[in-house]
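**Q** The structure under discussion is supplied below as structure tokens; questions concerning it will follow.
Throughout, read-outs are computed from the coordinates displayed, never taken from laboratory work. All values reported here derive from a predicted model rather than from experimental measurement. Ideal geometry is used to build each Cβ from the backbone, glycine not excepted, and the neighbour counts take in all protein chains shown.
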Amino acid sequence: MNARLKRMAVMLAVPVALGALLGVAGRHYFPESIAAQAARQDAIAPPVHLSALNVTLPPGQSTFPPGPGVDIANSNCVMCHSTGMVLRQPPLTTGEWKVEINKMRSAFGAPITPDQIDALAHYLNTVNGRKPQTGPSGVDNQAS
Ligand code: HEC
């Protein structure tokens, strides 16, 4: 074997030997295989038993109570939240409901047309309303 071949053999053998050594010595630091993790967890975790349950939820109102203008409410006010979000608020005057409806339009994009606002405000005032009065109100008398 001439000197050149020897040098080439050493150049090849050294990295291969180093790699093999690292593979053996570094095994401890390599990430654990998925199968090994699963086996280890199987050995320590208690078995899980799943079973079906029957849950009866309290009844919710999916549509607004009947009255003139109810269609506007049912088609514009329940796509983002429940009727309860509207009906379980402090009662508002018609004017305050208009403010609230406009807030839903401008802040959140409720698709209600301007010509429906009056009718809807009257409807909401009949199902969850109060008469205008002087003094503080739930929304600080933003409108009469
Ligand atoms: C595009 C979605 C969207 C639509 C449509 C919508 N709302 Fe709302 N509404 C919201 C969000 C969001 C909130 C919660 C706001 C908050 O937490 O501050 C809310 C809250 C409310 C509240 C509670 C008080 C308040 O101001 O937070 C009332 C009352 C209300 N909506 C009425 C209505 C009425 C009436 C309509 C029909 C005209 C309507 N909403 C349609 C998104 C919507």
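**Q** Among 78, 14, 99, which one shows the highest mean-square fluctuation when the chain is modelled as a Gaussian network with alpha-carbon springs under 10 Å?
**A** Highest fluctuation of the listed residues: 14.
**Q** Further, regarding this structure: Residues with amide H under 5 Å of residue 92's amide H, sequence separation 5 or more or different chain, H placed in the peptide plane at 1.01 Å from N; which?
**A** Placed amide hydrogens put 129, 130 under 5 Å from residue 92.
**Q** Something else: Determine how many Å³ per residue the convex hull of the Cα atoms of the chain encloses.
**A** Cα convex hull per residue, to the nearest whole number: 344 Å³.
**Q** Here is a further query. Considering Cα pairs under 8 angstrom that are at least six residues apart, work out the relative contact order of region 70-127 and quote it in whole percent.
**A** Rounded, it is 50 percent for region 70-127.
**Q** Could you compute how fast region 80-126 diffuses translationally, taking Rh as the Kirkwood radius over C-alpha pairs and applying Stokes-Einstein at 25 °C with viscosity 0.890 mPa s? Give it in µm² per second.
**A** Value of D from the Cα-based Kirkwood radius: 226 µm²/s.
**Q** Taking the simple approach of a point 7 Å from Cα along Cα-to-Cβ for both residue 5 and residue 20, what is their distance in nm?
**A** Placing both labels 7 Å along Cα→Cβ, they lie 2.1 nm apart.
**Q** Turning to a different aspect of this structure: Could you check which residue among 23, 95, 84 shows the biggest mean-square fluctuation in a GNM of the chain with a 10 Å Cα cutoff?
**A** Highest fluctuation of the listed residues: 23.
**Q** Per the Debye formula with a single identical scatterer at each Cα and no solvent contribution, what log10 I(q)/I(0) holds for region 3-44 at q = 0.16, 0.20, 0.26 Å⁻¹?
**A** Results for region 3-44 at q = 0.16, 0.20, 0.26 Å⁻¹ read -0.59, -0.71, -0.85.
**Q** Using only the alpha-carbon atoms, how far is helix 34-44 inclined from the longest principal axis of the chain? Give it as 0 to 90 degrees, nearest 10.
**A** 70 degrees
**Q** With a cut-off of 8 Å between alpha carbons and a minimum separation of six or more residues, what is the relative contact order of the chain in percent?
**A** About 23 percent, as a whole number.
**Q** Starting from 0.36 nm per residue, how many nanometres of slack lie between residue 56 and residue 130 once their C-alpha separation is accounted for?
**A** Between residue 56 and residue 130, full extension yields 23.2 nm more.
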